[in-house]
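The values are calculated or read from the model by the stated rules, or taken from the named source; none is laboratory data. The model shown is predicted, which means the values in this text are computed figures rather than measured ones. Quick reminder, even Gly has a Cβ in these numbers, built from the backbone with ideal geometry, and neighbours come from all protein chains shown.
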Amino acid sequence: MELSNVETAMKALEKHGGEKSAKRPRSKRELASGNEPDIALRVRSVMRAADRAGMLGEKSHRIGGRISPALVEQAKKQTGIEADSDLIEFALANIALDDDFGRVLREVNDTVSPDLKLGF
């Protein structure tokens with residue numbers, strides 16, 4: 001089984017200490033791409049969550065469409081993901097795992113449960 005670029009990047013991050021690798025010297029490629037450690041962590045976290053949710057199993061569905069090259073270039077630069085398929089997979093996983101935080105925050109609308117102990 002061949003690993004995708006995202007899976008390869010995730011394994012490389014784990015090999016080099018994962019989240020704690022932020023102190024390692026950054027390569028010229030990382031500096032040029034804007035691939036900050038927190039972005040790499042986000043990509044890895046999203047893809048792990050999608051995998052745990054069973055969303056990354058069989059890859060038999062095909063998607064096609066026309067997209068602005070500037071959009072694709074910037075997304076690749078932001079994430080460090082090089083392959084179009086991996087970029088689309090990350091974008092879809094990001095959407096599929098959205099926790100709808102904004103809507104929930106608006107629903108609570110400045111309310112705090114009277115049972116919540118605030119410590120003062």
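What are the residues in segment 90-102 that are assigned to a helix (DSSP H, G or I) and touching a residue at least 24 places away in the same chain (Cβ under 8 Å), if any?
Selection gives Phe90, Ala93, Asn94, Ala96.
The residues listed here are Leu105, Leu87; of these, the one that is part of a helix (DSSP H, G or I), touching a helix residue (DSSP H, G or I) at 6+ places or on another chain (Cβ under 8 Å) and either loosely packed, with under 14 Cβ neighbours inside 10 Å or not aromatic (Phe, Trp, Tyr) (or both) is Leu87.
Among the conditions (1) at pLDDT 95 or above; (2) more than 23 Å from Asp38 (Cβ to Cβ), Ile88 misses just one, which is (2). Residues in segment 65-85 that are among the polar types (S, T, N, Q) and in contact (Cβ under 8 Å) with a residue 24 or more places away in the chain were compared, and the one that is farthest from Ile39 (Cα to Cα) is Ser85.
Any residue at all in segment 35-51 that is farther than 19 Å from Asp99 by Cα, surrounded by fewer than 15 Cβ atoms within 10 Å (Cβ to Cβ) and out of contact with any strand residue (DSSP E or B) (no Cβ under 9 Å at 6 or more places or on another chain)? Checked against the condition, which is being farther than 19 Å from Asp99 by Cα, surrounded by fewer than 15 Cβ atoms within 10 Å (Cβ to Cβ) and out of contact with any strand residue (DSSP E or B) (no Cβ under 9 Å at 6 or more places or on another chain), segment 35-51 yields at least one hit.
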